[in-house]
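Beneath this line is the structure, given in structure tokens, with notes to follow.
Read-outs: derived from the displayed coordinates by stated rules, not from any lab. In this text the structure is predicted, and so the values were computed from the model without any measurement. Note that we place each Cβ from the backbone using ideal geometry, even for glycine, and neighbour counts take in every protein chain shown.
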Amino acid sequence: MEIEYTKAVIYCRVSSEKQVKEGNGLESQEHRCRQYATSLGLEVESVFKDEGISGGLFDRPAIQSLIKYLDKNWQTKYFVIFDDLKRFARDVEVHLRLRSELKCREAKLGCPNYNFDDSAEGEFVETIFAAQNELERKQNRRQVCQKMKARIERGYWCFCPPTGYEYKKDQEHGKILVPIRPITNVLAEGLTAFAENRLLEQTDFLNFLKSKNFHVLIGKNVKRLTFEYIKGILTQPLYAGLIKHTEWGVSRRKGHHKAIITEETFNKIQRKLARPERKPRETDNLEFPLRRVIDCAVCGKKMTGSVSKGKTKYYAHYTCNNKECSANPKNIGMEKLENDYVALLDNIKVEQEVLEIGKLIATRIWEQKVKDVSKNEAIRETEKKELETMIDEYIGLIPKTKSESIRSRYEAKIEGLDKQIKELEVGSENKKAPDFDEALNLTLKFLGTPAQTWKNSDKAMKSIIHNMIFTENPSYSVKTGFGTPKLSLPFHIKRLLGAKSNDLVEVVKKNWHSIVEESSRWRLILHFDYAKHKIALGSAIPIGS
Ligand SMILES: [Zn+2]
């Protein structure tokens, strides 16, 4: 039985602005469809429009609402009109799916320049058309990708610019990345400092950016400066003038845009990021505090702890598990090794005069921290003033508006701003200076008596102490005992300065600059945490020497 169609709905779609310019815009499509409907004597009930949406997707919003519309008005049978088969779908699978969705709702498809025909031959031709459209779409995409790839290969970036760069037209190069000066100045300073270990950890890099008001410079909320974001900046080769695109098989090469750091600095940063952190593991055997932190002096492999069963009792020992190792005996009694270790610590305690230097360095670092905090205080004060001005502006607007809903929206805005001010205020309160002297004395006591401190500490603390003192695992064999271990700065500073001078403190004062460079490790021994107003003993893990 032939269904009588009297009503129509129209579907239009544009995928880009270019189409609009070429006279294929939504309005012209709708116009042609309406003309077509009139010619068939159909009444157009509704028009559905998708904008900026690819014809390859089935989940197009307007298509979905069109289907919903048909379902809602199921008693009426509709003629569904679109301007061109390409508007309908550019993908065979989507075409067929969409077609069957509409067919099962008894909708008839109509198109001014294509005659739908339900015969077997008609459907075949229709499928060919859909396939042709799909091919065209894929070819377009491939062409765009190939053009972009070729440009990247020639040393031009053509995706989103990285933070601190923008695209500018250039006579020689066309569209090219150009640094935005105040932003890249801060970035270059921070990246170089991170590469040279003046900023030790990623947190320090982050805090550096914050202290330079980086978020204001790039016009983003400070909350957007996440660790992920920071990592993205640290690993961005474009900053070093380099270009690469791994997925497209474009290897690292020099780009034509201006670099803000050297390639060497960039490589240093990547090496630093690749270095694994040494952290005490929860699974570390509690019985063996020296497990995996002492190397076998014969083969260099890490010693592990083990327990063996004798006739009447168990024996605990450290052992080299390397099958090819010639050390004999391989097992070292637990007590023997740990006693030797304590003796080693006793030997390398820091002398009184070096402790004086430590005091000096720690105090300097502390003063710098306090200065940074008061700088942040000033920034906070400015932010507060800005928020208050905004509140005043909104308050000024309220009497001028007659609309109740707009007024309540202003009020909500004001409430939100007020909350932000309160948060800022909370941030600046409770910031009493911690008892610096007490914490410092505690630390210095540790440095003066590391063996004693180690013996009295639990497993986790033992591991921290070990990492604070040694920059490399000490090696040990039963025959030779411990070799000369590599020590962290506080423990070898005297050697570093040449122990000639009697007044070490004076030497330090004179060489202040080079010592600060060298002494980043002190940060690891005294862990300053202003937010929690405390100074902890060594809560950070040393970075390799
Ligand atoms: Zn060995």
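Odds and ends about this structure:
- For the range 160-172, 3J(HN,Hα) per residue [Karplus equation, 6.51 cos²θ - 1.76 cosθ + 1.60, θ = phi - 60°, Hz, x = Gly/Pro]: 3, x, x, 3, x, 10, 9, 8, 10, 7, 10, 4, 7
- Peptide packing for 78-88, 134-144 was compared via the average number of neighbouring C-beta atoms within 10 Å per residue; ordered from the highest value, the list is 78-88, 134-144.
- For the range 36-121: rounded, prolate or oblate by the Cα gyration tensor [a/c cutoff 1.5]: rounded
- Peptide packing: for 170-179, 234-243, the average count of neighbouring Cβ atoms within 10 Å per residue gives the ranking 234-243, 170-179, highest mean first.
- Structure note, pairs Lys169/Lys419; Lys359/Lys455; Lys72/Lys413; Lys168/Lys212: Cα-Cα distances above 32 angstrom occur for Lys169/Lys419; Lys72/Lys413.
- Cβ-defined net charge surrounding Thr246, 14 Å radius [Lys, Arg +1; Asp, Glu -1]: +2
- The range 165-274: C-alpha gyration tensor shape, a/c 1.5 cut-off, then a/b vs b/c: oblate
- Across the cross-link table entries Lys149/Lys210; Lys49/Lys220; Lys309/Lys479; Lys268/Lys375; Lys349/Lys459, which are compared at the Cα atoms, the separations over 28 Å belong to Lys149/Lys210; Lys49/Lys220; Lys268/Lys375.
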